[in-house]
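K.L.:
This is the structure I want to talk about, given as structure tokens.
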Amino acid sequence: MYSYEQRIKAVELYIKYGRSAAATVRELGYPSKKNLRRWHAIYIRTGGLPERSAPKPKYSQAQKQAAVQHYLTHGRCLARTRKALGYPAAGTLRQWLLEHDPDLVKESTGSYKGPLLSAGAKRDAVVELCSREGAASVVAEKLGVSRQVLYKWKAQLLGDEASPPMTRRDDSDLSSEHEALQQQLAEMERQVHRLQLERDLLTKANELIKKDLGVSLQHLTNQDGNFQPSCPF
């Protein structure tokens, strides 16, 4: 929930930037483009925005501080913090981080300028993207990033061939892409299984070699111990 001052500031900046929602959101870090345009429509129609009393907060200050602290000390990953604590929504956590330090989170429509994520966090995001059952936008919202960012990470980790350049289209048209990603994931799982089998085989072979070597050394030792010199005539 944004305060009256925040909403007025956003609308005035929106007007100043020639009604460029992208530029306004990029600078302020809030709100969504849809909300910004809605606020502007009310402002134009009524000459202002309604001042409404803030509702009772859903989360306590202690919960907010715990979520921010977990985010800062566990790889700076929105999804990891939400999974560990069980709250809040990605947008709410983003707002808490923005209140804590405006430089932590900055929304962007074309690139990711948010907090740096660890390599493990990016891998987790790509795995969730490739194994999803719904739309990519749902995964992106859950992780607090854009669809473009998710596919950029996927291209970086899996290669350009696995992730061709995207064109804008509705998520409802992604069924064929989902099927292709499922096939890629299945192939990756087969490759991992094969590598595990090869590792197990090498480990077993190494154990057999050590065992055979031990038996050979014991045999030689026994032979040396049983050696009896012949008696002279």
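No lab work stands behind these numbers, since they all come straight from the coordinates. All values reported here derive from a predicted model rather than from experimental measurement. All Cβ positions, glycine included, derive from the backbone under ideal geometry; neighbour counts span all protein chains shown.
K.L.:
Please list, by residue number, every one of the trypsin sites (Lys or Arg not before Pro) in the range 1-63 that is coil in DSSP and has at most 11 other beta-carbon atoms within 10 Å. Mind showing how you got there, number by number?
P.N.:
Details: sites: Arg7, Lys9, Lys16, Arg19, Arg26, Lys33, Lys34, Arg37, Arg38, Arg45, Arg52, Lys58; in loops: Arg19, Arg52, Lys58.
Hits after loop and neighbour filter: Arg52, Lys58.
K.L.:
Alpha carbons only, please: Rg and Dmax for the range 1-56, in angstrom.
P.N.:
Values for the range 1-56 (Cα only, Rg and Dmax): 10.7, 35 Å.
K.L.:
At a Förster radius of 22 Å, what calculated FRET efficiency corresponds to the Cβ-Cβ distance of Leu13 and Asp101, to the nearest 0.05?
P.N.:
Working: r = 20 Å, r/R0 = 0.93.
Once rounded, the FRET efficiency stands at 0.60.
K.L.:
Tabulate in residue order the Karplus-calculated ³J(HN,Hα) for the range 87-98, using 6.51 cos²θ - 1.76 cosθ + 1.60 with θ = phi - 60°, rounded to whole Hz; enter x for Gly and Pro.
P.N.:
Result, ordered by residue: 6, x, 5, 4, x, 5, 5, 4, 5, 5, 5, 5 Hz.
K.L.:
Using a Förster radius of 35 Å, what is the FRET efficiency between Glu5 and Ser137 based on their Cβ-Cβ separation? Nearest 0.05, please.
P.N.:
Calculated transfer efficiency: 0.70.
K.L.:
Which ³J(HN,Hα) values, rounded to whole Hz and listed in residue order, are derived for the range 45-50 from phi using the Karplus coefficients 6.51, -1.76 and 1.60 in 6.51 cos²θ - 1.76 cosθ + 1.60 with θ = phi - 60°, glycine and proline given as x?
P.N.:
6, 10, x, x, 10, x
K.L.:
Give the calculated FRET efficiency between His74 and Arg26 to the nearest 0.05, with a Förster radius of 25 Å applied to their Cβ-Cβ distance.
P.N.:
According to the calculation, E is roughly 0.40.
K.L.:
Once a ≥ b ≥ c are taken as the square roots of the eigenvalues of the Cα gyration tensor of the range 24-79, is the result rounded (a/c under 1.5), prolate (a/b larger than b/c) or oblate (a/b not larger than b/c)?
P.N.:
oblate
K.L.:
Here is a further query. Sort 136-144, 83-91 by the packing proxy (mean of other Cβ within 10 Å over each peptide's residues), most packed first.
P.N.:
By packing density, highest mean first, the sequence is 136-144, 83-91.
K.L.:
Got a sec to turn the phi values of the range 30-41 into Karplus ³J(HN,Hα) couplings, 6.51 cos²θ - 1.76 cosθ + 1.60 with θ = phi - 60°, whole Hz, x for Gly and Pro?
P.N.:
For the range 30-41, the Karplus-derived couplings read 7, x, 6, 4, 4, 5, 4, 5, 5, 4, 5, 4 Hz, x marking Gly and Pro.
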